[in-house]
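A.B. asks: Right, I'll just put the structure down here and ask away after.
The values are calculated or read from the model by the stated rules, or taken from the named source; none is laboratory data. These figures come from a predicted structure and were not determined experimentally. A quick note on method: Cβ atoms are made from the backbone with ideal geometry, for glycine too, and the neighbour counts reach across all protein chains shown.
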Amino acid sequence: MKILVATEKPFAAEAVDGIGKIIRDAGHEMALLEKYTDKAQLLEAVADADAIIVRSDKVTQDVVDAAPKLKIVVRAGAGFDNVDLAACSARRIVVMNTPGQNSNAVAELAIGMMIYMARNCFSPGTGSEIHGKTLGIHAYGNVGKLVGRYGKAMGMEVYAYDPFITDKAVFEADGVVPVDSVEELYSKSRYLSLHIPATEQTKGSIGYDLLTSMPKGGTLVNTARKEVIDEQGLAQALEERPDLKYATDIAAGNQAELEEKFGKRVFGTAKKMGAETAEANINAGLAAANQIVGFFATGCTRFQVNKF
Ligand code: 3PG
């Protein structure tokens, strides 16, 4: 089988070597398309691919149409909002993710961004400490859990809300305080770490009302997705509340405007870098390769995220 690794944002070299070894040891062939700048390059590369490994690369209807032999797509990472599940399901193409494999890297970045904002973007002058402050975790999945654990290690008072976890014991086992609603979470959290996926339900759901309910000095840290933010609501909240701050790993549509207007109260990484560690690349990339090899060997569909 031909397995294409298509990554506009490439994996670390060590991860690519490891992926190649897994693929070749199982008797398959690897093709590599990195740092492509044009969709046409992806469309050409998928023409004879039986499987694809991607990161945030968009696997849209035209990509599926250009890949007549495609049987499986593995998103090496957690969020699969970049893959058109309906287009894949219509062709009975299995889509998987690799949950948990890059979570630590994202969690470390979230904590780093909190400290960066608390210290005024490392510029001269008096900052503050995150120790002793409240931290809200919005969605308690693999990344959220780790951010909670690291926040507690830093002496933060950690609260969490996850609409899909009704058993409070899940939070309490980690020493995290569960709250009953998203509104309660924001109103309690000096720091709010966002870990919700981008879905039809969550898109544009974090805006003016939630942000302005945060306590004085409220800081929203977004290592999740740009789409979940109501950008106009965010701008309005920052305008009306000069104490609020926003740090994001995924540039807002109006990022330049926000940074110009609100200075050091707004920070965005140059390019999404939450999962950009060698360790995360190796974990997620090798997991993706092993999942594809397992799928072709035994039909194993563990981690499949689409239904057909
Ligand atoms: C994920 O969903 O796993 C993260 O957003 C990482 O995305 P990336 O592989 O594009 O860095």
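A.B. asks: Can we say Gly285 is among the small types (Gly, Ala, Ser), under 30 Å from Ala13 (Cα atoms), away from the ligand (no atom under 15 Å from the Cβ) and part of a helix (DSSP H, G or I)? Walk me through how you get there before you give the answer.
C.D. replies: Working: among the small types (Gly, Ala, Ser): yes; under 30 Å from Ala13 (Cα atoms): yes; away from the ligand (no atom under 15 Å from the Cβ): no; part of a helix (DSSP H, G or I): yes.
In short, no.
A.B. asks: Can you find a residue in the range 43-50 that is away from the ligand (no atom under 16 Å from the Cβ), assigned to a loop (DSSP other than H, G, I, E, B) and modelled with pLDDT of 95 or more?
C.D. replies: yes
A.B. asks: Now a separate question. Residues of the range 93-123 being β-branched (Val, Ile, Thr), more than 10 Å from the ligand (Cβ to nearest atom) and either within 15 Å of the chain's Cα centre (by Cα) or closer than 18 Å to Met154 by Cβ (or both), which ones?
C.D. replies: Within the range 93-123, Ile111, Ile115 qualify.
A.B. asks: Further question: Could you tell me which residue of the range 1-19 is nearest to Ala280 (Cα to Cα), considering only residues that are out of contact with any helix residue (DSSP H, G or I) (no Cβ under 8 Å at 6 or more places or on another chain) and more than 13 Å from the ligand (Cβ to nearest atom)?
C.D. replies: Applying the filter and picking the extreme gives Ala13.
A.B. asks: Residue check, Ser213 against (1) under 30 Å from Phe11 (Cβ atoms); (2) surrounded by fewer than 20 Cβ atoms within 10 Å (Cβ to Cβ); (3) in contact with a Phe, Trp or Tyr (Cβ under 6 Å, 6 or more places away or on another chain), all met but one. Which one?
C.D. replies: Checking Ser213 against (1) under 30 Å from Phe11 (Cβ atoms); (2) surrounded by fewer than 20 Cβ atoms within 10 Å (Cβ to Cβ); (3) in contact with a Phe, Trp or Tyr (Cβ under 6 Å, 6 or more places away or on another chain), the one that fails is (1).
A.B. asks: While we're looking at this one, here's another question. Return the total of residues in the range 117-161 being surrounded by 18 or more Cβ atoms within 10 Å (Cβ to Cβ), closer than 20 Å to Met214 by Cβ and in contact (Cβ under 8 Å) with a residue 40 or more places away in the chain.
C.D. replies: 14
A.B. asks: Additional query: Restricting to the range 288-308, count the residues that are under 16 Å from Ala78 (Cβ atoms), more than 13 Å from the ligand (Cβ to nearest atom) and in a helix (DSSP H, G or I).
C.D. replies: The qualifying residues number 1.
A.B. asks: In the set Val64, Val74, which member is closer than 19 Å to Leu42 by Cβ, β-branched (Val, Ile, Thr) and away from the ligand (no atom under 16 Å from the Cβ)?
C.D. replies: Being closer than 19 Å to Leu42 by Cβ, β-branched (Val, Ile, Thr) and away from the ligand (no atom under 16 Å from the Cβ) holds for just one of Val64, Val74, which is Val64.
A.B. asks: What number goes with the only condition from (1) more than 27 Å from Arg55 (Cα to Cα); (2) in contact (Cβ under 8 Å) with a residue 24 or more places away in the chain; (3) in contact with a Phe, Trp or Tyr (Cβ under 9 Å, 6 or more places away or on another chain) that Val266 does not pass?
C.D. replies: Of (1) more than 27 Å from Arg55 (Cα to Cα); (2) in contact (Cβ under 8 Å) with a residue 24 or more places away in the chain; (3) in contact with a Phe, Trp or Tyr (Cβ under 9 Å, 6 or more places away or on another chain), only one is false for Val266: (1).
A.B. asks: Something else now. If I ask for residues that are surrounded by fewer than 19 Cβ atoms within 10 Å (Cβ to Cβ) and either in contact with a strand residue (DSSP E or B) (Cβ under 9 Å, 6 or more places away or on another chain) or part of a loop (DSSP other than H, G, I, E, B) (or both), which ones from the range 57-78 would you list?
C.D. replies: If the condition is that a residue be surrounded by fewer than 19 Cβ atoms within 10 Å (Cβ to Cβ) and either in contact with a strand residue (DSSP E or B) (Cβ under 9 Å, 6 or more places away or on another chain) or part of a loop (DSSP other than H, G, I, E, B) (or both), then Lys58, Thr60, Ala66, Pro68, Lys69, Lys71 are the ones that fit.
A.B. asks: The conditions are (1) in contact (Cβ under 8 Å) with a residue 60 or more places away in the chain; (2) of a type in the set (Gly, Ala, Ser); (3) in a helix (DSSP H, G or I), and Ala87 fails exactly one of them. Which is it?
C.D. replies: Every condition holds for Ala87 apart from (1).
A.B. asks: Give me the pairs: first residue in the range 50-71 and closer than 16 Å to Val94 by Cβ, second residue within 14 Å of the ligand (Cβ to nearest atom) and of a type in the set (Lys, Arg), beta-carbon distance under 9 Å, and six or more apart or on different chains, which are they?
C.D. replies: So the pair list comes out as Ile53/Arg75; Val54/Arg75; Val59/Arg75.
A.B. asks: Next question. Being within 16 Å of the ligand (Cβ to nearest atom) and among the β-branched types (Val, Ile, Thr) is the filter; apply it to the range 212-268 and report the residue that is nearest to Asp81 (Cα to Cα).
C.D. replies: It comes out as Val228.
Residue-wise test of (1) modelled with pLDDT under 95; (2) surrounded by fewer than 22 Cβ atoms within 10 Å (Cβ to Cβ); (3) over 27 Å from Lys203 (Cβ atoms); (4) touching an Asp or Glu at 6+ places or on another chain (Cβ under 8 Å).
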| residue | (1), (2), (3), (4) |
| --- | --- |
| Asp25 | no, yes, yes, no |
| Met30 | no, yes, yes, no |
| Lys35 | no, yes, yes, yes |
| Gln41 | no, yes, yes, no |
| Asp81 | no, yes, no, yes |
| Ala90 | no, yes, no, no |
| Asn97 | no, no, no, no |
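A.B. asks: Would you tally the residues in the range 27-56 being hydrophobic (A, V, I, L, M, F, W, C), in contact with a strand residue (DSSP E or B) (Cβ under 9 Å, 6 or more places away or on another chain) and over 28 Å from Arg225 (Cβ atoms)?
C.D. replies: 2
A.B. asks: Of these, Val158, Val228, which one is modelled with pLDDT of 95 or more, β-branched (Val, Ile, Thr) and over 23 Å from Arg119 (Cβ atoms)?
C.D. replies: The match here is Val228.
Okay, residues lined up against (1) surrounded by 17 or more Cβ atoms within 10 Å (Cβ to Cβ); (2) more than 30 Å from Met30 (Cα to Cα); (3) within 15 Å of the chain's Cα centre (by Cα):
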site: Ile229; (1), (2), (3): yes, yes, yes
site: Glu239; (1), (2), (3): no, yes, no
site: Thr248; (1), (2), (3): yes, yes, yes
site: Asn254; (1), (2), (3): no, yes, no
site: Leu258; (1), (2), (3): yes, yes, no
site: Ala280; (1), (2), (3): yes, no, yes
site: Ile292; (1), (2), (3): yes, no, no
site: Phe308; (1), (2), (3): no, no, no
